[in-house]
């Protein structure tokens, strides 16, 4: 399918400039002759020229009209990807209405062979310097050389535009050899048409200033020393760049640069359509964006362009800062291979129907003057070698109105969307894991770009229709309907394969809670962050979802997701069919009234619960769109919440008995109770009975001896209550069981089912004295005590033998008799303060304080821990509030003071003191392996920070080993419990002398840490090595050529270095990469950006290559591992073994070697030694000068 396109590209790259235009034109006439329509914009015929034109008013937002995407209805183009694939004949593929008003030729310029190219160029300049309305200049074949400043000024009008055109079928070339001057400058001009020319050389091909209503058509620009086209010095508008060719630039090397970098000059209502932009990635290209629309420029459209082989992004837009009708539009483009990212956008843009095939990142969005916002990224096909979609700042509070919908994303590195999509609406997307199983013919290593989706794949019919464009990349109507990606399925009737049906018919068991709350066995945890998207087949579709963990219930009931206002929608992908939903809703601490339940957009129930009540509801629903949706809307009070959900396909639900019981159930000898529930999984045809008994009636009794279920009550949980039995023995806590019989029923599916027995303990009340713990339940002598907690009453005064108790305060107690054991009762003071103490070892703790009063308000309570005021708490009657604080204890005793506020009591219901793991004390010094200062006062820097908070100040002294070579910005650094994790920067400045002493090595000597914190006292701190570079030496010097930082895709990159990851295999375009080896990556985190991460092989060898000009080079190799030692690593450069090195844990070495390059490429081989890895952290290459 791509043989012709491949042949075309080969000719295009190797032919001389004078041949290129004829090759392109012959290709157009042979391959692309057909009728083409731009409905709503402009209409042309390939053979008859301009057939008709429909006006687009200047005030109309073209971004809005182009987004309607009604282009190409009559064209029926093929799905072949070649440059100018949307081009028909020689007429423009798009034009403004005034283009049709160009008048007859008023002057012809003929090349005079008797004159030099420069003389012909001077003559042409004089003709073009100042043009009036209606002039039409036809230029005939020849090479016109420009050797002085060349400016075109044109004063056209909409009725009489100015036209400068090459003679049809002839090659007209304008060249400039001075790389400091532009080929053509177009200064104040209006209604100007330039077409059919070639511009070669110069700094910028065309520079535009104060230009509006300008059209550049069928112009080739190449071999510039800077940008192809730039409009960045003055404001410009209504620019039309149509069907041009820009390639082989140098310097900054951007194809089109529109608008100023800082937004001081903008381009608006302009159109970049049908251009072929390629080979902007030569070694001397500093940037090399294909098409760049700078910050503040707005209402611009980038469409039908073919952008290939760029150094920076193929297409990049920033923000407009304006309303949606003035957003920029990037649609129906093809971007092939960028050394950076294919398409990049910050804000205010519609990006749809684009095809990206690149060895690096497919799409990038990151902050620039604003966080990403108002982006619609829709129906793109992205095939990437590294990251498919890379986002930064999308989870910021201001990152709003971002939509990521119906995109097909493939990442060869397995990183389709590594940073997630933050706050964006994400729907209808697909992650591709196998190109051959998804697309007709797409490859990263060959020019094969047919991304038509295959039938019977996940791409067919799975997009979200509310975001889908009406047409695809080729202008074809999306006849299949709702296909994912840029290209619509070629035929009608593609069918999705049915997902495999689970054996038990269950398509999901979901336990909703917090990130830290426990998960019921066999269930999938769902938190507020689990959004339904491109990867997850389930999750939250919408809603400001939060989460709570009330602790005091079983794993399914204790925690939940919720909304405090509005609604939230949960979605699960399932095959079409009938499903049974079993949902639990409840809150251990608060009531909620009138929660509305909608399933598949139908209101099915309204639920109200009181505190501690959990309602299990079962619904049956039919799914017809492969997506089951459950919407919960808050009612008149409390939350709309969900604790658990089970989704089961009705036709395949097996018979089963569901028993719900907490782990560690217990009764007490004081007649304390426990309970569990029983229900059936499906409807029986006949009654089902289950016998129940206690294994030891002297420890516990059951509330019922038999349960019966029928076709009416099968889905209604029946509760069994266990009551503890008292005795007078000190027999400790005794285990016993609830024995359940096998089911009995005339329904064969429900007869003889085995039900597991339930184990529990009866807590002895004759055991003297509580077992002191770090969980305390405050109440009255007669109020119940929460299991696992120690009771505290006003009588429990602090004693050292007990280790806890009240230190002071006029303490009383109340038991309101409503709510859980922790909520119903409390200790209090009606005036002043009360202080509770707990003896604990010195260390870090989390202190959780719960305050609750079922009836009355208690407001303005101050919480003081370890003498520090940490909070002010207020609750209304019926409220419960739990707060957790981080505390450091230094004196062996934790003190908690509660002070009365403005209303009610100072109260406390419960207290938990949880030891925190304290990281080992340590000092982290971050510095590059080789730091350089210079005798010209050049400086270097390093940072120091602590690994864990100290209890006292920590001081580290700093000294230069040679103050004649380098001096310090600080003689010491001091850390305390507040600033311990804030890196402190130390600057070292080189000192000059008049001696040719060469580069001198010296050190920054660090003292051992000094502190009253025993964990930090005497800790050794690494010294820092530096080199002060001599400015008096007459020896041979070196200049830096390349710096590489080896690591993982997620680890940071040292400033000024190029990141290398295992996926960066050598290719001639990049000019560097891994030639061989099963290369992996590690990131040890706790070190400098250069030292913390590395590439490695666990066996054999790895070879890294860099393309270099022949010559002599200094190669510096840095190796080290924060945690492990590696022995006998072999280093070979240019095929010669230069050294074998060994390193210990947390040892980093840098070695420099001289190498002579004679074949245009440096090769560095590292071979694994006797143990550990062969690894590489960084590589510095310097050329001898």
Inset, instruction - Would you check if there is a residue in the stretch 602-616 being assigned to a strand (DSSP E or B), closer than 18 Å to residue 508 by Cα and over 33 Å from the mean Cα position of the chain (by Cα)? - result: yes
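Which one of these is in the same structural domain as residue 579 (by TED's automatic domain parsing) and either at pLDDT below 85 or more than 20 Å from residue 351 (Cβ to Cβ) (or both): 479, 519, 501?
Testing whether each residue is in the same structural domain as residue 579 (by TED's automatic domain parsing) and either at pLDDT below 85 or more than 20 Å from residue 351 (Cβ to Cβ) (or both) leaves just 519.
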Legend entry - Residue ranges of strands (runs of 3 or more DSSP E) in the stretch 284-352 with at least 3 members buried (at least 24 other Cβ atoms within 10 Å of the Cβ): 291-293, 306-310, 315-317, 328-331, 334-338, 341-345, 347-352
Inset, instruction - Scan (1) at pLDDT 85 or above; (2) farther than 17 Å from residue 1021 by Cα for the single condition residue 932 breaks and write down its number. - result: (1)
Inset, instruction - Being touching a strand residue (DSSP E or B) at 6+ places or on another chain (Cβ under 9 Å) and not in a strand (DSSP E or B) is the filter; apply it to the stretch 261-283 and report the residue that is modelled with the lowest pLDDT. - result: 283
Legend entry - Those residues of the stretch 854-878 which are surrounded by fewer than 17 Cβ atoms within 10 Å (Cβ to Cβ) and either modelled with pLDDT under 85 or within 19 Å of residue 806 (Cβ to Cβ) (or both), in sequence order: 855, 856, 857, 862, 864, 867, 876, 877
Legend entry - Number of the condition not met by residue 432 [criteria: (1) buried (at least 21 other Cβ atoms within 10 Å of the Cβ); (2) without any contact (Cβ under 8 Å) to a residue 60 or more places away in the chain; (3) over 18 Å from residue 386 (Cα atoms)]: (3)
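Listed here are the residues, each with its yes/no results for (1) in a loop (DSSP other than H, G, I, E, B); (2) at negative phi.
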residue	(1), (2)
554	yes, yes
560	no, yes
570	no, yes
575	yes, yes
579	no, yes
594	no, no
Inset, instruction - Collect the residues in the stretch 1048-1069 that are within 20 Å of residue 931 (Cα to Cα), under 22 Å from the mean Cα position of the chain (by Cα) and not in a strand (DSSP E or B), keeping them in residue-number order. - result: 1052, 1053, 1054, 1055
Inset, instruction - Please find, within the stretch 1070-1108, the residue that is farthest from the chain's Cα centre (by Cα) out of those that are assigned to a loop (DSSP other than H, G, I, E, B) and surrounded by fewer than 16 Cβ atoms within 10 Å (Cβ to Cβ). - result: 1100
Inset, instruction - Inspect all residues belonging to the stretch 1111-1133 and state whether any of them is in a loop (DSSP other than H, G, I, E, B), at pLDDT 85 or above and farther than 24 Å from residue 1027 by Cα. - result: no
Inset, instruction - Please determine, by comparing only the residues of the stretch 1020-1047 that are buried (at least 17 other Cβ atoms within 10 Å of the Cβ) and over 23 Å from residue 1154 (Cβ atoms), which one is modelled with the highest pLDDT. - result: 1047
Inset, instruction - All but one of (1) part of a strand (DSSP E or B); (2) on the phi < 0 side of the Ramachandran plot; (3) crowded, with 18+ Cβ neighbours inside 10 Å hold for residue 440, so report the exception by its number. - result: (3)
Inset, instruction - For the stretch 127-137, name all the residues that are surrounded by fewer than 14 Cβ atoms within 10 Å (Cβ to Cβ) and over 17 Å from residue 197 (Cβ atoms). - result: 130, 132
Inset, instruction - Would you tally the residues in the stretch 807-821 being under 24 Å from residue 866 (Cα atoms) and crowded, with 20+ Cβ neighbours inside 10 Å? - result: 2
Inset, instruction - Evaluate the stretch 529-546: report whether one residue or more is under 14 Å from residue 508 (Cβ atoms), at pLDDT 90 or above and assigned to a loop (DSSP other than H, G, I, E, B). - result: yes
Inset, instruction - For residue 99, work out the one condition from (1) over 29 Å from residue 268 (Cβ atoms); (2) at pLDDT 85 or above it doesn't fulfil. - result: (1)
Legend entry - Within the stretch 677-721, strands (runs of 3 or more DSSP E) holding 1 or more residues that are within 52 Å of the chain's Cα centre (by Cα) and touching a residue at least 24 places away in the same chain (Cβ under 8 Å): 706-709
Legend entry - Enumeration of residues in the stretch 209-247 that are more than 14 Å from residue 164 (Cβ to Cβ), assigned to a strand (DSSP E or B), free of Cβ contacts under 8 Å to residues at least 40 places away in the same chain and more than 36 Å from the chain's Cα centre (by Cα): 212, 221
Inset, instruction - Report whether or not residue 450 is touching a strand residue (DSSP E or B) at 6+ places or on another chain (Cβ under 6 Å), touching a residue at least 12 places away in the same chain (Cβ under 8 Å), surrounded by fewer than 16 Cβ atoms within 10 Å (Cβ to Cβ) and outside any loop (DSSP other than H, G, I, E, B). - result: no
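The values are calculated or read from the model by the stated rules, or taken from the named source; none is laboratory data. Since this is a predicted model, take the numbers as computed values, not measurements. A quick note on method: Cβ atoms are made from the backbone with ideal geometry, for glycine too, and the neighbour counts reach across all protein chains shown.
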